[in-house]
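Notes for the one structure printed next.
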Amino acid sequence: QVQLVESGGGLVQPGGSLRLSCATSGIIFRIAPMGWYRQAPGKQRELVASISMGGSTSYADSVKGRFTISRENGKNTVYLQMNSLQPEDTAVYYCNLNPFRPAYWGQGTQVTVSS
């Protein structure tokens, strides 16, 4: 059974930072291309960052230079370091494979950027 469990969200002021974690089980993590996605109220879910099994990364233009995705194969975990957060980054953040598998969505973690 595949489980993807996101954590690390919270309320942060504009300009602040958060580090999200996604602990995985039930997949062969070391060969899994992973992604962080987000869904803001009233908007479609979007891919914001991805990392290949070899560690190559890619980012949406809206987060490039501010977010960093990384992976720790020994812990079956993928991370998203988010710096210089802005109100428009407010969303529920999810991890999944890239491309995503519909059945693998977890509960996500809420990130709220507000003063």
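The values are calculated or read from the model by the stated rules, or taken from the named source; none is laboratory data. Note that this is a predicted model, so its numbers are computed, not measured. Note: ideal-geometry Cβ built from the backbone for every residue, glycine included; neighbour counts use all protein chains shown. Each accessible area value is taken on the protein alone, full model and side chains, heavy atoms only, with ligands, DNA and RNA left out. Shrake-Rupley method; radii C 1.70, N 1.55, O 1.52, S 1.80 Å.
Taking the Cα-to-Cβ direction at Arg66 and at Gln3 and moving 7 Å from each Cα, how far apart do the two end points lie in nm?
That separation, rounded to one decimal, is 3.3 nm.
Report, as a whole number in µm² per second, the diffusion coefficient that Stokes-Einstein gives for the chain at 4 °C and 1.567 mPa s using the Kirkwood radius over alpha carbon pairs.
In µm²/s, the coefficient rounds to 93.
Defining a contact as two alpha carbons under 8 Å apart and six or more residues distant in sequence, what relative contact order in percent does the chain show?
Relative contact order of the chain: 37 percent.
Compute the accessible area per residue over the chain, keeping the other protein chains in place, probe 1.4 Å, unit Å².
In whole numbers, the chain has 53 Å² accessible per residue.
Hand me the trypsin sites (Lys or Arg not before Pro) from the stretch 1-84 located in a DSSP loop with no more than 13 other Cβ atoms within 10 Å, in residue order please.
Of the trypsin sites (Lys or Arg not before Pro), the ones in loops of the stretch 1-84 whose Cβ has at most 13 other Cβ atoms within 10 Å are Lys43, Lys64.
Tell me which residues come under 5 Å, amide H to amide H, from Arg71 once H is placed; ignore anything under 5 positions away on its chain.
Tyr79
By how many nm would the segment from Ser52 to Gln86 lengthen if fully extended, with 0.36 nm per residue of separation less the alpha-carbon distance?
So the extension gain works out to 9.6 nm.
I'd like the Karplus ³J(HN,Hα) series for the stretch 27-37: coefficients 6.51, -1.76, 1.60, θ = phi - 60°, whole numbers in Hz, and an x wherever there's a Gly or Pro.
Taking θ as phi minus 60°, the curve returns 10, 7, 4, 5, 10, 9, x, 10, x, 9, 10 Hz for the stretch 27-37.
Spelling out what I want: for every residue of the stretch 8-16, take phi, set θ = phi - 60°, compute 6.51 cos²θ - 1.76 cosθ + 1.60 (Karplus), and round to whole Hz; glycine and proline get x.
x, x, x, 9, 9, 7, x, x, x
Keeping all protein chains in place and using 1.4 angstrom, which order do Ile28, Ile51 fall into by accessible surface area, from largest down?
If we order Ile28, Ile51 from most to least accessible, we get Ile28, Ile51.
Quick check: at a probe of 1.4 Å, how many percent of the accessible area of the chain sits on carbon and sulfur atoms?
Percent of accessible area from carbon and sulfur atoms in the chain: 48.
How much net charge surrounds Thr57 when only the other residues with a Cβ under 11 Å from the Cβ of Thr57 are counted, with Lys and Arg +1 and Asp and Glu -1?
+2
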